[in-house]
Amino acid sequence: MTLKLRRLSNALGAEVCDIDVSKPMSESTFGEIYNAFLRHGILLFRNQDISREQHIEFSRRFGELDDHKSLPRDRHPDYPELLLVTNRPNTDGSPSESRYTGRSWHTDLSYTTTPALGSLLKCYELPEVGGDTLFANMIMAYDTLSDGMKKLIADLHGIHLSGTRRINKQDAGEARRAEVMKLNPPIAQPVVRVHPETGRKALYLGEKVKRFDGMTEEESKPLIDYLNRHATRPECVYRHQWRRHDIVIWDNRCTMHQALGDFDETQLRHMERTTVMGTPSGYVVANA
Ligand code: SIN
């Protein structure tokens, strides 16, 4: 079978058309999907009205799945392979603790020593307008730096913290913040990561990084801000407008993403994500 692909933007992404991921799929068709994933950085599958089991089963074809022990409060109660990203209130009426998940630029599990290979996010409920997600092509971001800048950052390591802007705020839950920080000590990751499968170099940064290993925050900030700004220019970015039953998979080794708060938060936005485990990278930073 030859896949029917439709590019989503100049920077990255392709839609895989006319496919039902819950149907039996040959190795060769899956091989084509995997090659497209490596080539385009993100893939979109529309109209996947499939069960949780089928979402998990399709995800497993990409590799071993994470059980989300780094974010235990956000796991689906019955499926540890599924991470909830939802503003649906808890059964006791309290606000969902995952309602601000992903609101800053990041790649999944970069604050662990086995950062994610990929993530497959399925859309269940959407607000009337908005609730979009931005994706940035970090190979393009690296390739468009000057040779001087490439040399300057070649050996730097950024320290990735598990907390996000929002969970540092009181309203997202002090208990959750403390638990997530305790479970996940600061991890230094190379700023330039070599993709383990394609061999391409990609910037590996985002807003979880506050300083470089061996440097102060004050020294690091201007360069981190510059690189994040450079990577998230419109020419490097695709903005996904979700439809119900979309599944998007992204390659965390060469893209980063951000969920936008561009919607009426009284309306429901409910997503569920599987996370495919990657290869070891980075090291724990003592006394960060
Ligand atoms: C995530 O960062 O995994 C969630 C992204 C989104 O909800 O759009």
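Regarding R243, is this residue in a loop (DSSP other than H, G, I, E, B) and either touching a His at 6+ places or on another chain (Cβ under 9 Å) or within 15 Å of the ligand (Cβ to nearest atom) (or both)? Walk me through how you get there before you give the answer.
Working: in a loop (DSSP other than H, G, I, E, B): yes; either touching a His at 6+ places or on another chain (Cβ under 9 Å) or within 15 Å of the ligand (Cβ to nearest atom) (or both): yes.
Judged against the criteria, R243 is a match.
With respect to A178, is the statement that it is out of contact with any helix residue (DSSP H, G or I) (no Cβ under 6 Å at 6 or more places or on another chain) and either away from the ligand (no atom under 16 Å from the Cβ) or open to solvent by less than 10 Å² (accessible area, probe 1.4 Å) (or both) true? Give the derivation first.
Numbers: out of contact with any helix residue (DSSP H, G or I) (no Cβ under 6 Å at 6 or more places or on another chain): yes; either away from the ligand (no atom under 16 Å from the Cβ) or open to solvent by less than 10 Å² (accessible area, probe 1.4 Å) (or both): yes.
When the stated conditions are applied, A178 passes them.
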| query | Can you tell me which residues in region 266-288 are of a type outside the set (V, I, T), within 11 Å of the ligand (Cβ to nearest atom) and either open to solvent by 40 Å² or more (accessible area, probe 1.4 Å) or touching an Asp or Glu at 6+ places or on another chain (Cβ under 9 Å) (or both)? | reply | R269, H270, M271, R273
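If a residue has to be assigned to a loop (DSSP other than H, G, I, E, B) and farther than 18 Å from L134 by Cα to count, how many in region 266-288 make the cut?
12
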| said: Show the residue pairs meeting these rules: Cβ distance below 8 Å; 6+ apart or different chains; first residue within region 17-43 and over 30 Å from L203 (Cα atoms); second residue open to solvent by 30 Å² or more (accessible area, probe 1.4 Å) and in a helix (DSSP H, G or I). | reply: V21/Q54; S22/Q54; S22/E57
| field | Out of P222, P234, sole residue that is farther than 30 Å from R6 by Cβ, surrounded by fewer than 20 Cβ atoms within 10 Å (Cβ to Cβ) and away from the ligand (no atom under 11 Å from the Cβ) | value | P222
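Give the residue, chosen from R269, R233, R244, that is more than 17 Å from L84 (Cα to Cα) and modelled with pLDDT of 95 or more. Explain how you work it out, then say what you get.
Working: R269 fails: more than 17 Å from L84 (Cα to Cα); R244 fails: more than 17 Å from L84 (Cα to Cα).
When all the criteria are applied, what remains is R233.
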| Cβ-Cβ below 8 Å, separation at least six or inter-chain, first residue in region 201-214 and at positive phi, second aliphatic (A, V, I, L, M): which pairs? | G206/M256
| task | Check whether at least one residue in region 181-197 is open to solvent by 60 Å² or more (accessible area, probe 1.4 Å), in contact (Cβ under 8 Å) with a residue 12 or more places away in the chain and out of contact with any Ser or Thr (no Cβ under 8 Å at 6 or more places or on another chain), and report yes or no. | result | yes
| task | Sort out which residues of region 247-265 are within 11 Å of the ligand (Cβ to nearest atom) and not in a loop (DSSP other than H, G, I, E, B), and write them in order of number. | result | V248, W250, M256, H257, Q258, A259
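The values are calculated or read from the model by the stated rules, or taken from the named source; none is laboratory data. All values derive from a computational prediction rather than experimental measurement. Every residue, glycine among them, receives a Cβ derived from its backbone with ideal geometry; neighbour counts consider all protein chains shown. Heads up: the accessible areas ignore ligands, DNA and RNA and are worked out on the full protein's heavy atoms, side chains in. Shrake-Rupley method; radii C 1.70, N 1.55, O 1.52, S 1.80 Å.
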